[in-house]
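Visitor: First the structure, then my questions, so here it is.
What follows draws every value from the coordinates through simple rules; no lab data is involved. Since the structure is predicted, the reported quantities are computational estimates derived from the model, not experimental observations. We place every Cβ from the backbone using ideal geometry, glycine too, and count neighbours over all the protein chains shown.
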Amino acid sequence: MTYLFNNPTQFADELVEGFAAAHRNTIQRVNGGVIRRYKAKPGQAVVVIGGGSGHYPAFGGFVGQGLAHGAALGNVFAAPSAQQICQIAQAVDVGGGILFCYANYAGDVLNFEQAQAQLRAQGIDVRSVVVTDDIASAAVVEQHKRRGIAGTLPVFKAAAVAADVGKPLDEVVRIATEAKDRVRSLGVAFSGCTLPGANKPLFEVADGKIEVGMGIHGEPGLYRVDAPSADGLAEMLVEKLLAEIPLSIGSLSGTRVGVILNGLGAVKYEELFVIYRKIDQLLTQDGLIIVEPVVDELITSFDMAGVSLTLYWLNDELEQTWIAAADTPAFHRGNIAPAVQSEENIAVAVQPSHDKQPLKIGSADSQAAAKVVLAALEAARDAIELQQEVLGRLDAIAGDGDHGIGMQRGLTAAVEAARAALDAQAGAGTVLTAAGDAWSDRAGGTSGALWGVILRNLGNALRDEAKPDAATVAIGVAAALDAVSNLGKAQPGDKTLVDVLHPFAQALAAGAAQNLTVAAAWTMAAHIADEAAQATRNLMPRIGRARPHAEKSIGTPDPGAVSMALIIRAADKIVRKHCL
């Protein structure tokens with residue numbers, strides 16, 4: 001369990017503050033994460049990595065010479081928001097373009113893609129390489145669906161070394177892609193992890209068993225087997241990884257390979273060396289030449305007891321990036337010349353502007369509607385807080401168990417932003433837009449990105465002039481559905497919040513066509529949303545973190561669908577009370 005914390009909702013912020021203080025000579029904390037203390041050379045390509053907190057040394061521990069230039073750090077097990085990623089990218093940009101490199105999780109993909117689009121609109125050349133090394137999470141023919149785990153390190157390193165020697169962005173992308181295609185990993189767990197403030201782990205493993213193919217966000221394994229001895233586990237990991245050799249590799253004999261044995265949090269170094277002893281023997285017996293192996297904790301999952309093994313199939317070019325010197329808070333290799341220190345090259349964070357343009361004042365009718373919007377958001381926040389633990393338990397069945405925490409965090413930020421906008425006499429549209437921006441920035445992850453899109457699209461439809469009618473609300477919800485589907489690629493039947501949002505949008509449109517009031521149309525649609533949320537218990541997830549554990553989720557409703565229905569129902573009470 002996690003012993004040291006204050007308010008669990010502030011855990012990620014406080015750990016970044018302490019981490020930056022402990023390493024202030026080499027890194028700098030900025031809004032959104034951490035960056036190298038000293039800038040890259042003007043015109044150089046730079047590498048930005050990132051992910052949720054709870055995985056140290058990943059991701060902040062890999063910022064420094066020979067590795068990443070900056071890392072966007074999300075909340076616990078939640079992807080950083082697009083706003084955070086943009087702030088990190090802008091802080092390290094020196095004019096040569098930016099490579100985003102991150103692990104393949106739905107929230108990371110959503111937010112990094114949003115950030116990439118925003119930065120490209122500003123004229124910055126941004127590319128992405130997404131790491132997919134976890135062989136347990138999808139079949140060979142669907143490698144693009146695989147998760148990223150400890151194989152992220154060699155990909156980050158290949159990209160950063162190429163950037164720091166002055167290669168153009170096209171070459172940095174090529175080298176990182178080659179590294180990504182040559183890395184394979186597999187992990188096992190002896191126990192689940194416990195989030196800060198929680199009183200039990202996200203999953204439990206019976207004595208004498210191990211979970212094979214677990215996820216680094218506390219997801220359980222794909223199957224359970226009897227726990228082997230250390231040698232037996234080494235044999236299993238090596239056998240499964242050698243069964244999937246990249247097509248570019250011919251004979252094993254004489255092939256050079258990087259090896260990472262990663263501890264996930266509670267399996268300590270003495271145990272890691274015991275199992276590495278056998279891994280080394282097995283690989284050597286097969287004729288492989290091991291190059292600069294790493295036995296360490298590199299990407300953890302709080303107190304999860306487990307290990308992962310990564311094989312990195314080298315060529316001449318990638319071997320040079322693998323053995324190159326590096327000096328970061330968590331990863332050291334060889335000797336590297338210290339950064340040239342001067343006042344001119346100290347990195348300066350790009351701070352959000354506090355000189356914001358005043359919000360547009362809404363009409364009297366729109367301000368009245370904005371008060372209802374704020375009341376609805378407050379009711380939604382209260383409803384989610386009451387069900388936070390339930391949502392977490394639903395999420396832990398096939399995911400990481402943080403859905404309730406993330407929703408509560410996002411809604412709290414949304415309420416604060418909406419109240420500030422209303423105090424500035426904004427109309428309903430602006431209040432919703434402000435709430436959506438705050439939600440996505442504070443919550444991060446998949447739900448933060450999607451709910452930010454939902455509120456912004458609804459705000460764009462309501463605007464700040466007229467009192468909204470049922471037709472306007474239906475148009476806004478329909479636009480939100482389209483945006484969510486385009487962003488997250490989910491369709492009805494995928495077991496996501498779209499399975500609620502789609503029928504809810506249809507019902508609102510039907511109510512508007514019947515000339516119902518907003519309250520009457522919303523109430524009718526809310527009943528349908530409740531039914532749709534419960535109906536997701538019969539579906540199998542086809543996308544997102546729950547997909548590898550699809551069968552385990554049958555019989556349980558989707559947490560995102562449930563939370564959406566809760567919010568719709570909470571808003572229904574407010575809308576009816578105010579007789580819109």
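Visitor: What full-extension length gain, to one decimal in nm, is calculated for Val274 and His527 as 0.36 nm per residue of separation minus the Cα-Cα distance?
Guide: Values: separation 253, 0.36 × 253 = 91.08 nm, distance 5.80 nm.
Separation in residues times 0.36 nm, less the Cα-Cα distance, equals 85.3 nm.
Visitor: For the chain, build the charge dipole from Cβ charges (+1 Lys, Arg; -1 Asp, Glu) around the Cα centre, then report which of Gly436, Leu264, Ile35 sits farthest towards its positive end.
Guide: Gly436
Visitor: Give the residue from Ile475, Gly493, Phe5 lying farthest towards the positive end of the charge dipole for the chain; charges sit on Cβ (+1 for Lys and Arg, -1 for Asp and Glu) and the dipole is referred to the Cα centre.
Guide: Ile475
Visitor: What is the distance, in nm, between label points placed 7 Å from the Cα along the Cα-to-Cβ direction at Asn315 and at Asn335?
Guide: 3.3
Visitor: For Ile124 and Glu465 in the same chain, what is the full-extension length gain: residue separation times 0.36 nm, less their Cα-Cα distance, in nm?
Guide: Working: separation 341, 0.36 × 341 = 122.76 nm, distance 3.56 nm.
Separation in residues times 0.36 nm, less the Cα-Cα distance, equals 119.2 nm.
Visitor: Here's another thing I want to ask about it. Tell me, what HN-Hα J-couplings in whole Hz come from the Karplus equation 6.51 cos²θ - 1.76 cosθ + 1.60 at θ = phi - 60° for each residue of the range 385-393, using x for Gly and Pro?
Guide: Ordered by residue, 3J(HN,Hα) equals 4, 5, 9, 4, 5, 4, 5, x, 5 Hz.
Visitor: Round to the nearest 10 and give me the degree value, 0 to 90, for the angle of helix 445-462's Cα axis relative to the longest principal axis of the chain.
Guide: Roughly 30 degrees, rounded to the nearest 10.
Visitor: Another one. What would the Debye formula give as log10 I(q)/I(0) at q = 0.10, 0.12, 0.19 Å⁻¹ for the alpha-carbon point model of the range 94-223, no solvent?
Guide: Scattering profile of the range 94-223, log10 relative to I(0): -0.41, -0.56, -1.05.
Visitor: Counting DSSP beta bridges in the chain, what percent are antiparallel, to the nearest 5?
Guide: Just about 60 percent of them are antiparallel.
Visitor: Once you place label points 7 Å from the Cα toward the Cβ at Lys573 and Ala117, how far apart are they in nm?
Guide: 3.5
Visitor: Using the alpha-carbon atoms, what tilt in degrees (0 to 90, nearest 10) does helix 152-164 show relative to the longest principal axis of the chain?
Guide: 80
Visitor: Alpha carbon centre of the range 238-317 versus the range 87-130: separation in Å?
Guide: Cα centroid to Cα centroid, the span is 30 Å.
Visitor: Further question on the same structure: Quick query: amide H of Ser191 versus all other amide H atoms, modeled in the peptide plane; which residues come in under 5 Å with a sequence gap of 5 or more or a different chain?
Guide: Under 5 Å from the amide H of Ser191 lie the amide H atoms of Ala305, each far enough along the sequence or on another chain.
Visitor: For Asn75, what residues show an amide H to amide H distance below 5 Å, using hydrogens built from the backbone and excluding near sequence neighbours?
Guide: Ser53
Visitor: Can you check how the C-alpha radius of gyration of the range 1-83 compares to 2.2 N^0.38 Å, as a plain ratio?
Guide: Cα Rg divided by the expected 2.2 N^0.38 Å: 1.09.
Visitor: While we're on this one: Tell me the relative contact order for the range 175-334 as a rounded percent, counting alpha carbon contacts under 8 Å between residues six or more apart.
Guide: Values: 297 pairs, mean separation 46.5, N = 160.
Once normalised by length, the contact order is 29 percent.
Visitor: Ranking request for peptides 160-171, 73-84, 424-435: highest mean number of other beta-carbon atoms within 10 Å first, then the rest in descending order.
Guide: Highest to lowest by the protection proxy: 73-84, 424-435, 160-171.
Visitor: Note down the magnitude of the dipole of the range 8-324 about its Cα centre, charges +1 on Lys and Arg C-beta and -1 on Asp and Glu C-beta and zero elsewhere, to the nearest 20 debye. Don't skip to the answer; put the middle values down first.
Guide: Numbers: 25 positive and 35 negative charges, 160 e Å.
That gives the range 8-324 a dipole magnitude of about 760 debye.
Visitor: Please list log₁₀ I(q)/I(0) at q = 0.16 Å⁻¹ for the range 364-577, using the Debye equation with identical point scatterers on the alpha-carbon positions.
Guide: -1.00
Visitor: Using the per-residue mean of other Cβ atoms lying within 10 Å as a proxy for protection, in what order, highest first, do the peptides 495-503, 176-184 fall?
Guide: Ranking the peptides 495-503, 176-184 by packing returns 495-503, 176-184.
Visitor: Right, here's the next one. What is the chain's relative contact order, in percent, from Cα pairs under 8 angstrom and six or more apart in sequence?
Guide: Contact order relative to length: 14 percent.
Visitor: Relative to the present Cα-Cα distance, how much length would full extension add between Ala364 and Ala513 at 0.36 nm per residue of separation?
Guide: 51.0 nm
Visitor: Give me the one-decimal nm value for the distance between modelled label points at Ala206 and Ser253, 7 Å along each residue's Cα-to-Cβ direction.
Guide: The answer from the label model is 4.5 nm.
Visitor: Here is a follow-up. How much of the DSSP beta bridge set in the range 8-324 is antiparallel, as a percent to the nearest 5?
Guide: 55
Visitor: What ³J(HN,Hα) values, in whole Hz, does the Karplus curve 6.51 cos²θ - 1.76 cosθ + 1.60 give for the range 53-67 when θ = phi - 60°, with x put for Gly and Pro?
Guide: These are the phi-based 3J(HN,Hα) values: 7, x, 10, 3, x, 5, 10, x, x, 9, 9, x, 4, x, 9 Hz.
Visitor: Which of Pro201, Ala512, Thr152 sits farthest toward the positive end of the charge dipole of the chain, with +1 on the Cβ of Lys and Arg and -1 on the Cβ of Asp and Glu?
Guide: Ala512
Visitor: Below 8 Å, C-alpha to C-alpha, sequence gap of six or more: please give me the relative contact order for the range 364-577 in percent.
Guide: 23
Visitor: Could I ask something else about it? Where Rh denotes the Kirkwood radius from the mean inverse Cα pair distance, what is Rg over Rh for the range 8-324?
Guide: Across the range 8-324, the Cα-based Rg/Rh ratio is 0.96.
Visitor: Using the Cα centre of the chain as the reference point, and only Cβ charges (+1 on K/R, -1 on D/E), how large is the resulting charge dipole? Debye, rounded to the nearest 20.
Guide: Charge dipole, the chain, about its Cα centre: 880 debye, nearest 20.
Visitor: For Gly427, enumerate residues with amide H under 5 Å from its amide H, sequence gap 5+ or separate chain, H modeled in the peptide plane.
Guide: Correct list: Gly362.
Visitor: Convert each backbone phi in the range 410-419 into a coupling constant with the Karplus relation 6.51 cos²θ - 1.76 cosθ + 1.60 (shift: θ = phi - 60°), then list the ³J(HN,Hα) values in order as whole Hz, x for Gly and Pro.
Guide: Ordered by residue, 3J(HN,Hα) equals x, 5, 4, 5, 5, 5, 4, 5, 5, 5 Hz.
Visitor: Right, here's the next one. If you place +1 on the Cβ of every Lys and Arg and -1 on the Cβ of every Asp and Glu, how big does the dipole about the Cα centre of the range 364-577 come out, in debye to the nearest 20? Don't jump to the answer; show the numbers that get you there.
Guide: Working: 20 positive and 23 negative charges, 44 e Å.
So the dipole magnitude of the range 364-577 works out to roughly 220 debye.
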